[in-house]
Amino acid sequence: MNTAKASQVPVFGFHQKRYVYAQALLEGVGITQIKVYTNSLSATPYVVPGGITITNPALQDYEFPLNILAQRAFVEVSMPGQINFSRLILVGAADTWNPIRGRNG
């Protein structure tokens, strides 16, 4: 994201963010596994404990807490069988305690 856009949408700025909550619209039958990778797809992911048991049709959005510190977050949703993944909202803001990593590498 460019600098002008980052100033309009601060959560997507250049500093670290704290993602605290997520909401997803999922449809299918079974238990989904949700993984959140921080900053890189090769990082060890945070796995939502127990996954989420979904139904078809979905009666509501599924909500789950997070506590992830990252500059970028990548989300993987998987389950055996068919899944309809329509929407994902991550709630986050510039981290109050660690806005800058303080080191390179």
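For residues in the stretch 49-74 being surrounded by fewer than 16 Cβ atoms within 10 Å (Cβ to Cβ) and among the aliphatic types (A, V, I, L, M), which is nearest to Lys35 (Cα to Cα)?
My answer is Ala58.
Can you pull out the residues in the stretch 75-93 that are assigned to a loop (DSSP other than H, G, I, E, B) and loosely packed, with under 13 Cβ neighbours inside 10 Å?
Pro80, Gly81, Gln82
I'm checking my understanding of the structure. Among residues of the stretch 26-48 that are buried (at least 16 other Cβ atoms within 10 Å of the Cβ) and among the aliphatic types (A, V, I, L, M), which one is farthest from His15 (Cα to Cα)?
By that ranking, first place goes to Leu26.
Are any residues in the stretch 52-74 free of Cβ contacts under 8 Å to residues at least 24 places away in the same chain and in a loop (DSSP other than H, G, I, E, B), and if so, which ones?
Passing the criteria: Leu59, Gln60.
List every residue pair whose Cβ atoms sit under 8 Å apart, with the two residues 6 or more apart in sequence or on different chains, where the first one lies in the stretch 1-29 and is more than 20 Å from Asn39 (Cα to Cα) and of a type in the set (D, E, K, R) and the second, anywhere, is part of a strand (DSSP E or B) and modelled with pLDDT under 90.
Close Cβ pairs satisfying both conditions: Glu27/Ile54; Glu27/Ile83; Glu27/Asn84; Glu27/Ser86.
Output the residue which, of all residues in the stretch 41-51 that are modelled with pLDDT of 90 or more and outside any strand (DSSP E or B), is farthest from Pro65 (Cα to Cα).
Among those residues, the one meeting the criterion is Ser42.
The values are calculated or read from the model by the stated rules, or taken from the named source; none is laboratory data. Please read all numbers here as calculations on a predicted model, not as lab measurements. Cβ sites come from the backbone with ideal geometry, for glycine too, and all protein chains shown count toward neighbours.
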